[in-house]
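Chemist: Below are the structure tokens for one structure; questions will follow.
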Amino acid sequence: MISLKHIDCVLLDMDGTLLDKYFDDYFWEHLVPQKYAEKHGVTFGRAKEILLSLYKTHEGTLNWTDIDFWSRELHLDIPALKEQIKHLIEVHPHVEDFLKAMKRQKKRVFMLTNAHYKVLDIKLKKTEIGVYFDRCITSFEMGYPKEMIEFWEKVEKIIKFDRERTLFIDDTAEVLRTAKAFGIKHLFLKAGANSKKTDTSQHEFPVLKDYRELMQQVKSDH
Ligand SMILES: [Mg+2]
């Protein structure tokens, strides 16, 4: 574990890192195929096949994060569907305590998300974690997804952070690789992004299972 004494700035991804990715997985892998099947008169299995290959095509791009794009592409009202199941949006255990601790420690805390601003809105309303952030930045606003180095160059210009004294937590290895290439020193991969799926894959990054591990660090710094 790192010592948080050496950190001034904490950058946090939203989906899977702060919030349970179960909501998003259920949404894209179950609800959308179901609605797509009804709309286009195909079986659920066929809808899933079509959609999974479409998702693959747009993965890691701004289209992927743009729910208006998906509404047009699939002829479904994606924001309305998200709204319908917003009761499934959940914060990971101990996230709020961690955010409170970071504020008490006078760290600057930013959310960096690939989520569309409409989705960010729904999620912040439901979870009320927005109050802990100096600012929430979407890749949409930056014009690049977090997987691209240009995203980091733009963010750095806006919020100004010392790469050596910055901590970034995300549940996507590809995003962490770009952050590493940009020079952010302290990186963690959030494990257990979806609380109902077990992830067994190995990663090149240190893994954060539980936010209490980091909070423990705050205590031992004193
Ligand atoms: Mg994520």
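The values are calculated or read from the model by the stated rules, or taken from the named source; none is laboratory data. All values derive from a computational prediction rather than experimental measurement. Neighbour counts run over all protein chains shown; Cβ positions are idealised from the backbone, glycine included.
Chemist: Within region 207-218, is even one residue farther than 19 Å from THR113 by Cβ and either assigned to a strand (DSSP E or B) or free of Cβ contacts under 8 Å to residues at least 24 places away in the same chain (or both)?
Modeler: Restricting attention to region 207-218, the residues satisfying the condition of being farther than 19 Å from THR113 by Cβ are 207, 209-210, 212-218.
After this cut, where a residue has to be either assigned to a strand (DSSP E or B) or free of Cβ contacts under 8 Å to residues at least 24 places away in the same chain (or both) as well, the list is 207, 209.
Within region 207-218, one or more residues are farther than 19 Å from THR113 by Cβ and either assigned to a strand (DSSP E or B) or free of Cβ contacts under 8 Å to residues at least 24 places away in the same chain (or both).
Chemist: Within region 61-95, which residues are farther than 15 Å from PHE27 by Cα and not in a loop (DSSP other than H, G, I, E, B)? Don't jump to the end; show me each part of the working.
Modeler: Filtering region 61-95 down to residues farther than 15 Å from PHE27 by Cα leaves 61-63, 68-69, 72-73, 75, 91-95.
Selection gives LEU62, ASN63, ASP68, PHE69, ARG72, GLU73, VAL91, VAL95.
Chemist: Of everything in region 94-114, what is in contact with a helix residue (DSSP H, G or I) (Cβ under 9 Å, 6 or more places away or on another chain) and either on the phi > 0 side of the Ramachandran plot or outside the structural domain of GLY16 (by TED's automatic domain parsing) (or both)? Give them in sequence order.
Modeler: We begin by selecting, within region 94-114, every residue in contact with a helix residue (DSSP H, G or I) (Cβ under 9 Å, 6 or more places away or on another chain); these are 94-105, 107-114.
Across region 94-114, the qualifying residue is only HIS94.
Chemist: Assuming ASP66 fulfils every condition listed in (1) more than 28 Å from TYR144 (Cβ to Cβ); (2) surrounded by 13 or more Cβ atoms within 10 Å (Cβ to Cβ) apart from one, which condition is it?
Modeler: Going through (1) more than 28 Å from TYR144 (Cβ to Cβ); (2) surrounded by 13 or more Cβ atoms within 10 Å (Cβ to Cβ) one by one, ASP66 breaks only (1).
Chemist: Sticking with this one: Counting just the residues of region 96-115 that are assigned to a helix (DSSP H, G or I) and charged (D, E, K, R), which one comes out nearest to the ligand (Cβ to nearest atom)? Break it down stepwise before answering.
Modeler: Narrowing region 96-115 to residues assigned to a helix (DSSP H, G or I): 96-104.
If we keep only those that are charged (D, E, K, R) too, we end up with 96-97, 100, 103-104.
Working: GLU96: 18, ASP97: 20, LYS100: 22, LYS103: 22, ARG104: 25 Å.
Result: GLU96.
Chemist: In region 9-26, is there at least one residue being more than 15 Å from the ligand (Cβ to nearest atom), within 15 Å of the chain's Cα centre (by Cα), surrounded by 20 or more Cβ atoms within 10 Å (Cβ to Cβ) and at pLDDT 95 or above?
Modeler: For region 9-26, residues more than 15 Å from the ligand (Cβ to nearest atom), within 15 Å of the chain's Cα centre (by Cα), surrounded by 20 or more Cβ atoms within 10 Å (Cβ to Cβ) and at pLDDT 95 or above: present.
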